[in-house]
C-alpha cells in the first residue's frame, strides 16, 4: 500500500513543509496551560494546535459549527488529497475514509455532559450533541470533499493507526475502493490534561525523553491530525510503501536503516524498549516535537515518509541517550531504504509499521 | 415604562449579538457588525434552521424564555430588533 499524499496538523503548524521546518528546528518548549483544578496557580505543559493553524477561512465558512477535532480532521484530509495530486472521480465511490482516534472528540463530549448538569437535558445545545459523536469528523470530510465511498471511524485505545491500515489494505485489495484516506486525530483538553496529571508523570520541563526507557516515564500531552492518501497503484507523488505488523518478540524485528522508537510517556513502563534499537541501526524518536498521544504512530509514519522521500535523516529533537544508542544526532542527507516505527502499546504488544522506499 | 424599555433594549441587543457570534460560531463577524434591523436568516446574516434551534436554547439558558411554537419563532427571529423586543417583553 503506497502513501500518495500527506496532510498534517500539529502544534508546529499545518502541512508537510511545516513538518520539515519543525524537524530541522528541533525541540521547542510546549505552551503552559492553567490548571482547572482547585489550585489555579498550577500550570501544565501541553503541545496544543494553535488557533491560527486551523484558521482557514475558505474551509471554516463551510464547517463553522465544527469543533477543533473535526476542523483538524477536515484540514488534514483535504491537504492529503491535494498533496497527492489525485483527481477524485466524485461520481463513483472510489475513495474510502478511515478515521482512527484513541479518545474521539472528548472535549465536546464532556461539554455536552457538562451542559446537561448545568442547564438540564432540555437545554442542551443540539450542535454540541451532534459533534459529541465520534463519527462527526468523518462525516464532515465526506461532505466537504464530496467523497462517496465507505466511511468509518475506528476508536481504539491501543493501536488505532494499525487497525486503520489493516482495514484500508483489505478495502483496496477487495477493490472496494481505489484510494483510502487514512487519518488519525486526537484532541487535548482539560480532561486529558487532568488525566495525564493524575495517572501519568508530566514532564515539568516540557521534554519527553524517548530514549530513557524509564519505568515511570514523563509525558507532555499533545494533539493534532495526520491523513494519508493511500492506494495500491503506483502514483506520481509517492512517498513510500506502508506495511503494518504486530510482533511478540523484538528479536524478530526486520533490520531497517532506521528504527523509530515511539516512546512518549503515554503507555507507562518503557523499559521494554531497550531491545528495540540494535547498535548497528540508527535510532530516532520524534515524540518531543508533537507531544504524547495514543496516535503518535501516525506522526512518526509521517516523519518516516518524509525521510524516505527526501532521503534525509532528521536529528532527534531530544538527544538524552543513557543507553548509548546509535542516535541520529544531526540532520543530513542519507540513503534510506526502510524505516521501522516501533511502539509498545498498552495491550502489551509491539506494533510495527514498516515504511519502504 | 416606554422610557425604561428604550434604556434596556440596547443592552439586550448587545448581549444577543455577542451570544449569536459566540455560540453560532459566526466566523469573521464581530458582534458590533450585526445591524439591529439586519435579517438574521437566509440572505441576511445567513443563519439556517439549525441555528434557529440553537437560538431557542440560547434564549432559554440566558433569559429563561421558552419559544415553543416555531411558527411564532419566524417572526421573533427576524432580526436583532424583533428578538430583543421579544426578550424584553418576556423577561
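We did not get these values from a lab; they are worked out from the coordinates using the rules stated. Computed from a prediction, not measured in an experiment: that's the story for all the values here. Quick reminder, even Gly has a Cβ in these numbers, built from the backbone with ideal geometry, and neighbours come from all protein chains shown.
By the gyration tensor of its Cα atoms, with a ≥ b ≥ c the square roots of the eigenvalues, what is the shape of region A:107-219: rounded for a/c under 1.5, prolate for a/b over b/c, or oblate?
Taking the square roots of the gyration eigenvalues as a ≥ b ≥ c, region A:107-219 is oblate.
For A:92, A:174, which order do you get if you count the other beta carbons within 10 Å of each Cβ and list the fewest first?
Exposure proxy ranking, most exposed first: A:174, A:92.
Quick one: if you stick a label point 7 Å off each Cα along the C-beta vector at residue A:205 and residue B:27, how many nm between them?
4.1
With the Cα gyration tensor of chain B giving a ≥ b ≥ c as the square roots of its eigenvalues, does the rule (a/c under 1.5 for rounded; else a/b larger than b/c for prolate; else oblate) give rounded, prolate or oblate?
Judged from the Cα gyration tensor, chain B comes out oblate (a/c at least 1.5, b/c at or above a/b).
Report, please, the projected area of region A:247-313 averaged over directions, based on the convex hull of its C-alpha atoms, in nm².
Averaged projected hull area, Cα only: 4.9 nm².
Which of the peptides A:147-160, A:207-220 is most tightly packed, and how do the rest follow, going by the mean number of other Cβ atoms within 10 Å of each residue?
A:207-220, A:147-160
Rounded, prolate or oblate: pick one for region A:251-357, where a ≥ b ≥ c are the square roots of the eigenvalues of its C-alpha gyration tensor, a/c under 1.5 means rounded, and failing that, prolate if a/b is larger than b/c, else oblate.
rounded
What average count of beta carbons from other chains do you get within 10 Å of the Cβ of residues in A:122-128?
Counting Cβ atoms of other protein chains within 10 Å of each residue's Cβ and averaging gives 5.
Mind jotting down the distance between the C-alpha centroids of region A:186-253 and region A:117-137, whole Å?
What the calculation gives is 29 Å, centre to centre.
For residue A:243 and residue A:312 in the same chain, what is the full-extension length gain: residue separation times 0.36 nm, less their Cα-Cα distance, in nm?
Stretched fully, the residue A:243-residue A:312 segment lengthens by 22.8 nm.
Using the 2.2 N^0.38 Å rule of thumb for compact globular proteins, work out how chain A stacks up: its C-alpha Rg over that value, please.
That ratio works out to 0.95.
Calculate the spin-label point distance for residue A:174 paired with residue B:85, positioning each point 7 Å from the Cα along the beta-carbon direction, and give it in nanometres.
Going by the 7 Å Cα→Cβ label model, 6.0 nm.
Across peptide B:45-54, how many C-beta atoms of other chains are within 10 Å of each residue C-beta, on average?
2
Applying a 10 Å radius around every beta-carbon, put A:328-335, A:306-313 in order of their mean neighbour count, most first.
Descending packing order for the listed peptides: A:306-313, A:328-335.
Ranking request for peptides B:39-47, A:343-351: highest mean number of other beta-carbon atoms within 10 Å first, then the rest in descending order.
A:343-351, B:39-47
What distance in nm separates the simple spin-label points at residue A:234 and residue A:25, each placed 7 Å from Cα in the Cβ direction?
3.8
Could you give the length gained on full extension between residue A:271 and residue A:32, defined as 0.36 nm per residue of separation minus the Cα-Cα distance, in nm?
Extra length from residue A:271 to residue A:32 when fully extended: 83.2 nm.
If I take R0 = 45 Å and measure r between the Cβ atoms of residue A:329 and residue A:194 in this structure, what FRET efficiency does the formula 1/(1 + (r/R0)^6) give, to the nearest 0.05?
E(calc), rounded to 0.05, equals 0.80.
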